[in-house]
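Q: Below: one structure in structure tokens.
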Amino acid sequence: MISGHATIETAVEATHHGAFGFLEKPISMQKLLDVLKKAIERYRAQPKAETPLTVSRVPRPLAPVIDALNAKLQHDHAALLHFPEPFYEQWLLRHLGEGRHTVWLTTETPPLSVDQVKQWRSHLVFANLGERANRMLAKNLSFLYQYAAVHQVRLIAAIRAWDAFAQWRPLVGEKLARVWEDPIVVPKRDESIALGTLVQEALEAELGQPLAWPEEAKRTIERIALDAEWTLDGWTQALLPLATEDRLDPAAIERALQRNQPENVSTLFALPLKEAREAFERLYLERLLARTDLPVQRLADLAGLERTHFYRKLRQLGLSLRRKEEDDA
């Protein structure tokens with residue numbers, strides 16, 4: 001940054017906004033070139049955040065989504081994913097973050113500072129936008145977007161009901177709202193692609209290797225699917241323990257899916273709202289805690305909660321993390 005009104009305060013502010021240095025007019029050409037040379041050398045030595053997002057052996061319907069996401073992030077450093085239905089949502093968001101430094105912004109994230117954003121350099125930041133806009137989350141998203149390019153942060157937000165964007169738009173700032181006006185729409189499940197094939201492709205992405213599934217195994221999944229409304233993540237997590245078997249026994253597949261059969265939520269409608277909400281939260285968190293392969297922080301991230309609030313919610317519902325904490329230790 002170059003200015004004819006140089007003070008210590010303006011120099012400090014300039015560096016906080018991402019400037020490499022601060023030069024006071026008049027300056028010599030040689031001094032300017034020296035500063036630019038050092039800035040370029042530092043830039044080239046830094047890790048680049050623009051490496052494409054990749055998911056190994058991604059299910060075919062999601063390949064165009066990842067291509068569009070990479071193009072959007074390369075140009076704008078921010079993208080909005082629209083999920084008209086939840087079938088692909090949790091699976092896709094989980095895989096986009098695997099193997100990368102990630103952060104989840106929630107409605108409980110405190111106001112961001114420049115120093116905090118600097119610590120997230122080259123990170124992938126996620127945020128789930130609810131149907132009702134939250135001012136604190138919107139303010140943090142707008143603030144983060146100001147520094148996204150400078151600190152090589154990439155921001156991915158997800159929304160389900162597109163009508164809800166009308167509430168978020170005036171709160172996130174004109175620049176970010178303009179970027180989000182053209183969301184990447186994640187397709188609904190294509191019934192022309194057999195569910196058994198979709199699940200196989202998703203498991204191959206989980207394992208990073210191809211699977212030789214017999215047709216009988218796929219037919220078993222198709223038959224069970226007639227009475228099950230699962231997401232792709234639910235199918236893959238239930239079948240992951242069996243995926244590497246040399247021979248897939250249809251009976252074993254059926255047992256695995258029946259053990260993980262989601263509780264029928266229609267029974268919750270018989271309860272008062274407060275009790276129904278608590279029952280659903282308990283069911284949701286019990287399913288997360290069953291993932292004994294994940295550390296506590298990752299479970300909190302998947303739930304979209306700060307770690308302290310995650311612990312508080314578990315205590316409130318009478319759920320225990322003792323065994324999980326011992327495993328982490």
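Q: Take region 272-286 and flag every residue that is surrounded by fewer than 15 Cβ atoms within 10 Å (Cβ to Cβ) and either in contact with a Lys or Arg (Cβ under 9 Å, 6 or more places away or on another chain) or of a type in the set (Phe, Trp, Tyr) (or both).
A: Listed by number, the residues that qualify are PHE280, TYR284.
Q: Restricting to region 68-85, give me the number of residues that are in contact with a Lys or Arg (Cβ under 7 Å, 6 or more places away or on another chain) and surrounded by fewer than 17 Cβ atoms within 10 Å (Cβ to Cβ).
A: The total comes to 2.
Q: Hey, among the residues in region 156-215 that are among the β-branched types (Val, Ile, Thr) and within 23 Å of the chain's Cα centre (by Cα), which one's farthest from GLY130 (Cα to Cα)?
A: VAL199
Q: Now, a different point. Conditions first: (1) modelled with pLDDT under 80; (2) surrounded by fewer than 16 Cβ atoms within 10 Å (Cβ to Cβ). ARG312 passes all but one, so which condition is the exception?
A: Of everything listed in (1) modelled with pLDDT under 80; (2) surrounded by fewer than 16 Cβ atoms within 10 Å (Cβ to Cβ), ARG312 misses just condition (1).
Q: Being part of a helix (DSSP H, G or I), touching a residue at least 12 places away in the same chain (Cβ under 8 Å) and surrounded by fewer than 18 Cβ atoms within 10 Å (Cβ to Cβ) is the filter here; which residues of region 116-142 pass it?
A: LYS118, ARG135, MET136, LYS139, SER142 - these are the residues of region 116-142 that are part of a helix (DSSP H, G or I), touching a residue at least 12 places away in the same chain (Cβ under 8 Å) and surrounded by fewer than 18 Cβ atoms within 10 Å (Cβ to Cβ).
Q: So, one more: What tally of residues in region 152-189 results from selecting those that are over 25 Å from TRP120 (Cβ atoms) and part of a strand (DSSP E or B)?
A: 1
Q: Restricting attention to region 161-179, report how many residues are basic (Lys, Arg) and surrounded by fewer than 17 Cβ atoms within 10 Å (Cβ to Cβ).
A: Within region 161-179, residues that are basic (Lys, Arg) and surrounded by fewer than 17 Cβ atoms within 10 Å (Cβ to Cβ) number 2.
Q: Residue check: is LEU112 open to solvent by 10 Å² or more (accessible area, probe 1.4 Å) and more than 29 Å from LEU294 (Cβ to Cβ)?
A: Against the criterion (open to solvent by 10 Å² or more (accessible area, probe 1.4 Å) and more than 29 Å from LEU294 (Cβ to Cβ)), LEU112 does not qualify.
Q: Give ALA177, ALA166, ALA212, ALA158 a once-over and let me know the one that is hydrophobic (A, V, I, L, M, F, W, C) and in contact with a helix residue (DSSP H, G or I) (Cβ under 6 Å, 6 or more places away or on another chain).
A: Of ALA177, ALA166, ALA212, ALA158, the one residue that is hydrophobic (A, V, I, L, M, F, W, C) and in contact with a helix residue (DSSP H, G or I) (Cβ under 6 Å, 6 or more places away or on another chain) is ALA177.
Q: Can you name every residue in region 11-67 that is part of a helix (DSSP H, G or I), modelled with pLDDT under 85, open to solvent by less than 80 Å² (accessible area, probe 1.4 Å) and small (Gly, Ala, Ser)?
A: Passing the criteria: ALA11, ALA14, ALA39.
Q: Name the residues in region 229-255 that are within 30 Å of PRO84 (Cα to Cα), modelled with pLDDT under 80 and buried (at least 16 other Cβ atoms within 10 Å of the Cβ), would you?
A: Once the filter is applied, which keeps residues that are within 30 Å of PRO84 (Cα to Cα), modelled with pLDDT under 80 and buried (at least 16 other Cβ atoms within 10 Å of the Cβ), region 229-255 yields ALA243, ILE253.
The values are calculated or read from the model by the stated rules, or taken from the named source; none is laboratory data. Quantities reported herein were computed from a predicted structural model and do not represent experimental measurements. In this analysis, Cβ positions are derived from the backbone assuming ideal geometry, glycine residues included, and neighbour counts consider all displayed protein chains. Calculation scope for accessible area: heavy atoms of the full protein, side chains included, ligands and nucleic acids excluded. Shrake-Rupley method; radii C 1.70, N 1.55, O 1.52, S 1.80 Å.
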